[in-house]
Amino acid sequence: MTPTIIQAGTAAAARVDQTFLLIFGVSAAILVFITLLMVWFVFRYHHARHPQAADIRGNVWAEIAWTVIPTVLVMGMFWSGWTSFKALRSAPADAMRVKVTARMWSWVFEYENGRRASTLYVPVDRAVRLDMTSADVLHSFFVPAFRIKMDTVPGMETYAWFQAEREGSYDILCAEYCGLQHANMLSTVEVVSAEEFKRWSESGAGGDEEAVGLLETYGCMGCHSLDGSEEAGPTLMGIYGKERPIVDGGGTRTVVADEEYLRRAILEPDAELVAGYEGMPSYKEEMPAEDLEKIIRFLTGGAARDLDRGRSLMEAEGCLSCHSTDGSEIAGPTFKGIYGHKVVLEDGTEVVADEAYLAEAIRDPEKTMVKGYEPIMPPYSHLNDEDVKAMIDYMRSLPEGHD
Ligand code: CUA
């Protein structure tokens, strides 16, 4: 039987549990001992059996016993607590470092390669040191399974560390009341294998992760490189806007690889074959429109990068802890399909969530509150036009009816 609800996920956590058990055991033993003694005294010294009270004047052995035994017990509990506390506070020098920023009401994890995420991905069996701070008020980073809990303080850096022993998903909670959505300030530690972590970490470092994943999934990378090298097909590096010689009858004509061309080249590649290459299978049947758009956005370069910027900005600013991107409701309306959609405001007026509306909703949310939501969103007036645009572009990339 273990008295803990959540199995310890680290060696340090196991020591914390040991200390807890020791203190609990000693306390329980003392409680039982004193209670039994009391009951026995009540019985033994009842006035019927013991009519005349008598003083005891000094007993050296009793005095030694009640001095030494509690001292040993207290020092033992202290020692166990001190060593397990030290283990929690001594991060190995070679630990992987992750910056943690808490804000109302989300967590942002920033890795050494610049990758940001709202979920804490870590490799198994590797020490991870979290350097933490808060962007606004006091929060507290709490992972029950690792027995670590540390306040995050604005203007100050605190830290915690852990080394997860088992792969899995572990809850992160905020353990310091920080406003209305305190209870929703949740995330997880995803403990994955070293290989999987490496893949995750590298895929995100340059952004465009999802589109590259799609290019891999559809087998595009088998023939098209992203680094300029020629394979069975032309490289995709810098393809956007390039002039392409297209086979036309006996000769060639030139087409500029704009968005429309790229779309056609994926859906019906053989209709406009680039001179010097063999044909390519059509993806007309195979590729849903949504995936096609993601790939096009990636190939057209700037736009793809802005989407990532928009998303990571929204992660960094904490938007995504109240607004989902998958249609689910958190504290605020979902971003999915919001662009171009009608929304009903507090005063009953209906407006279309276009660029102007969304920009105002970000900068001055009080004026543009959507009916039925708590007015808890802080104004983001510190964002410049470019940031706001990137965020709106990101919202626009989340069409309705897709996952
Ligand atoms: Cu953050 Cu409670």
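The values are calculated or read from the model by the stated rules, or taken from the named source; none is laboratory data. Being a predicted model, the structure only gives us computed values, none of them experimental. Heads up, the Cβs are rebuilt from the backbone with ideal geometry, glycines too, and the neighbour counts pull from every protein chain shown.
Scan region 79-95 and tell me whether some residue there is within 24 Å of Ala12 (Cα to Cα), crowded, with 16+ Cβ neighbours inside 10 Å and within 16 Å of the ligand (Cβ to nearest atom). Within region 79-95, none of the residues are within 24 Å of Ala12 (Cα to Cα), crowded, with 16+ Cβ neighbours inside 10 Å and within 16 Å of the ligand (Cβ to nearest atom). Taking the numbered list (1) in contact (Cβ under 8 Å) with a residue 60 or more places away in the chain; (2) farther than 16 Å from Phe298 by Cβ in turn, Leu236 passes all entries but (2). The single condition among (1) among the small types (Gly, Ala, Ser); (2) at pLDDT below 90; (3) within 16 Å of the ligand (Cβ to nearest atom) that Ala175 does not satisfy is (2). Taking residues in region 65-90 that are without any contact (Cβ under 8 Å) to a residue 60 or more places away in the chain, and partners anywhere that are surrounded by 14 or more Cβ atoms within 10 Å (Cβ to Cβ), the pairs with Cβ atoms closer than 7 Å and at least 6 places apart or on different chains are Leu73/Val26; Met77/Leu22; Met77/Ile23; Met77/Val26.
Annotation: of all residues in region 124-154 being away from the ligand (no atom under 16 Å from the Cβ) and part of a loop (DSSP other than H, G, I, E, B), the one that is surrounded by the fewest Cβ atoms within 10 Å (Cβ to Cβ) is Asp125.
Scanning for something touching a residue at least 60 places away in the same chain (Cβ under 8 Å), closer than 16 Å to Val98 by Cβ and not assigned by TED's automatic domain parsing to the domain that holds Glu317, does region 173-183 turn up at least one residue? Within region 173-183, none of the residues are touching a residue at least 60 places away in the same chain (Cβ under 8 Å), closer than 16 Å to Val98 by Cβ and not assigned by TED's automatic domain parsing to the domain that holds Glu317. Note on region 160-205: residues that are closer than 21 Å to Asp94 by Cβ and hydroxyl-bearing (Ser, Thr, Tyr) total 2. Count of region 187-196 residues, restricted to those that are part of a strand (DSSP E or B) and away from the ligand (no atom under 16 Å from the Cβ), is 4. Asn184 satisfies every condition listed in (1) within 11 Å of the ligand (Cβ to nearest atom); (2) farther than 21 Å from Arg311 by Cβ; (3) under 16 Å from the mean Cα position of the chain (by Cα); (4) of a type outside the set (A, V, I, L, M) except (2).
Could you check, for region 310-321, whether at least one of its residues is modelled with pLDDT under 85, over 27 Å from Tyr111 (Cα atoms) and of a type in the set (S, T, N, Q)? For region 310-321, residues modelled with pLDDT under 85, over 27 Å from Tyr111 (Cα atoms) and of a type in the set (S, T, N, Q): absent.
Going through (1) more than 16 Å from the ligand (Cβ to nearest atom); (2) within 42 Å of the chain's Cα centre (by Cα) one by one, Ala102 falls short only on (1).
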